[in-house]
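To start, the structure itself, in structure tokens.
Any read-out appearing in this document is the output of simple, stated calculations on the displayed coordinates, not a laboratory observation. Keep in mind that what you see is a predicted model, and the values were worked out from it rather than measured. Note: ideal-geometry Cβ built from the backbone for every residue, glycine included; neighbour counts use all protein chains shown.
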Amino acid sequence: MDYVNFIEKIKMKTGIDLSLYKEQQMKRRLTSLYEKHGYKSFLDFYRGIEKDKDLLYAFLDRMTINVSEFYRNAKRWEVLEKKFLPPLLKNKRNLEIWSAACSTGEEPYTIAMILSKFLPLSEIKILATDIDENVLHKAKIGVYHERSLNEVPEEMKKRYFRKDIDYYIINDEIKRTVTFKKHNLLSDPFEQNFDLIVCRNVLIYFTEAAKDTLYYKFSHALKPGGIFFVGSTEQIFNPGKYNLEPADTFFYQKCK
């Protein structure tokens, strides 16, 4: 079975359409994964996935590029805190927030920690979604290696984490601010009326056609005046096409 047939079978099994991801990058990632597990081809690899749920989870982990940390690119989070949250909160306290492709939860928990400077945790509600149930399970547990916290301000580390040897366990109060759900960006419908959508370091792995579709969907999911926060390699070159306008580096605002 070549890669094209593998794509078809994976789509039937999981609903994930690998043809919407950049082919060379994805083939390289998956080939190294199946070779590591002792498989010789995409045909053998798919047969293994059919029989072994752990291998399916390993495939999802590799495919979804789960590299995450708290306060990743900390200066950008500072811009969110100082420039965008105050005007958003001036209009309403109960913001609708979505962390899309949230991986193991560092991003939505970062949003909650930043919002805790403005609001009591009991008033913060964040939707966090990912295609991979395995990473969502890890996010709900909320246990992180020390290296994931390199950028976390000391006051936040003391207030919201408990240390256990080399690991940090996030506070239950922070965990309660986030609702985790499985969601496929490429095929599932988007909820609407968000004040803030954060989707960082994911869109770079999609084809230009898939990105184009997603930008339309994200824009439609935002309220007028809502903010779309993307990753540091994901500048939108023609935001007006999607009814968005640049608001700062890697921040876009939906036109009112």
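Observations on the structure shown:
- Per-selection Rg to Rh, the stretch 3-63 - Cα, Kirkwood hydrodynamic radius: 0.90
- Beta bridges from DSSP with both residues in the chain: antiparallel share about 45 percent, rounded to the nearest 5.
- Subset of K138/K256; K11/K125; K181/K223 violating a 26 Å alpha-carbon distance limit: K138/K256; K11/K125
- For the listed residue pairs K9/K51; K92/K157; K22/K53; K217/K254; K117/K158; K117/K140, the alpha carbons are over 20 angstrom apart in K92/K157; K22/K53; K117/K140.
- Model label points for I169 and E23, set 7 angstrom from Cα along the Cα-to-Cβ axis, are 4.9 nm apart.
- The peptide list 223-235, 121-133, put in order of mean Cβ contacts within 10 Å with the highest first, becomes 121-133, 223-235.
- At R0 = 25 Å, FRET efficiency that the Cβ-Cβ distance of Y57 and T213 yields, to 0.05: 0.40
- Ranked by how many other Cβ atoms sit within 10 Å of their own Cβ, fewest first, the residues C199, C102 fall in the order C199, C102.
- Each part reduced to its alpha carbon centroid, the stretch 1-65 and the stretch 118-177 end up 30 Å apart.
- Net charge in the neighbourhood of L95 (other residues with Cβ under 9 Å of its Cβ; Lys, Arg +1, Asp, Glu -1) is +1.
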